[in-house]
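Step one of this worksheet: look at the structure below.
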Amino acid sequence: MIRPNELPNSNHQRGFTLVEVLVALVVLAIGLLGLASLQIMSIKFNTDSYLRSQATTLAYDISDRLRTNTAAARAGNYTTATKADADAKKAAYDGCSAAACNCYSGGNCTAANLATFDLGTWYQRVETALPGATENRPTIIFDAATNTATITINWRERDLGQTQSWEVQLWPF
């Protein structure tokens, strides 16, 4: 026979209480918010890295064009020391007829025309690839004495102005 003091304790808890479930949900929510914040920061830094890679690729592109057209580089046709110089070179390209400036279409092409074409198409690519590059155009300074080109590209990165300069030693001409 079972005596009353030997009955199983009816006050013994089994399972979770509502408070324990709420605490677990709060901990889970904080963890998920942390993961979301981490994902957002990862996307921001990935975008920054992409823009820096684009700027580097564009700098190598124009340095290769300088190496290809050494006569125009030595004559200063690629030099754009200021934003006004860069704007003038871009305007010259925009106002140039397709036959004179597009040396790849078989037109009458001189070294100066090729430089105008190279700079015009390069500035278009820079404006397309990098945000904020139109307000402060890239500059190119070529020193014929040392065969060195300094390429400076500016862009906007997360509402911060970024500038990166490359100094490229071109092959001896």
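Key figures for this structure:
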quantity	calculated
Those residues of the stretch 91-134 which are outside any helix (DSSP H, G or I), open to solvent by 30 Å² or more (accessible area, probe 1.4 Å), at pLDDT 80 or above and more than 17 Å from Asn69 (Cβ to Cβ), in sequence order	Pro131
Test: Ala24 is assigned to a helix (DSSP H, G or I), hydrophobic (A, V, I, L, M, F, W, C) and touching a residue at least 12 places away in the same chain (Cβ under 8 Å)	no
Criterion (in a helix (DSSP H, G or I), touching a residue at least 60 places away in the same chain (Cβ under 8 Å) and open to solvent by less than 80 Å² (accessible area, probe 1.4 Å)) met by exactly one of Ala84, Ala73, Ala36, Ala88	Ala73
Verdict on Ser10 being among the hydroxyl-bearing types (Ser, Thr, Tyr) and either modelled with pLDDT of 85 or more or open to solvent by less than 100 Å² (accessible area, probe 1.4 Å) (or both)	no
Checklist (1) touching a residue at least 40 places away in the same chain (Cβ under 8 Å); (2) open to solvent by less than 60 Å² (accessible area, probe 1.4 Å); (3) out of contact with any strand residue (DSSP E or B) (no Cβ under 9 Å at 6 or more places or on another chain) applied to Gln54, failing item	(3)
The one condition in (1) exposed (fewer than 11 other Cβ atoms within 10 Å of the Cβ); (2) within 30 Å of Ala115 (Cβ to Cβ) that Tyr60 fails to fulfil	(1)
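Matching residues to (1) out of contact with any helix residue (DSSP H, G or I) (no Cβ under 7 Å at 6 or more places or on another chain); (2) open to solvent by 50 Å² or more (accessible area, probe 1.4 Å); (3) at pLDDT 85 or above:
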site: Asn136; (1), (2), (3): no, yes, no
site: Ala144; (1), (2), (3): no, no, no
site: Ala149; (1), (2), (3): no, no, yes
site: Leu170; (1), (2), (3): no, no, no
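A quick yes/no check of all residues on (1) more than 21 Å from Thr146 (Cβ to Cβ); (2) touching a helix residue (DSSP H, G or I) at 6+ places or on another chain (Cβ under 7 Å); (3) not hydrophobic (A, V, I, L, M, F, W, C):
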| site | (1), (2), (3) |
| --- | --- |
| Val27 | yes, no, no |
| Ile30 | yes, no, no |
| Ile40 | yes, no, no |
| Arg67 | no, no, yes |
| Asp118 | yes, yes, yes |
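The values are calculated or read from the model by the stated rules, or taken from the named source; none is laboratory data. Please read all numbers here as calculations on a predicted model, not as lab measurements. Ideal geometry is used to build each Cβ from the backbone, glycine not excepted, and the neighbour counts take in all protein chains shown. Heads up: the accessible areas ignore ligands, DNA and RNA and are worked out on the full protein's heavy atoms, side chains in. Shrake-Rupley method; radii C 1.70, N 1.55, O 1.52, S 1.80 Å.
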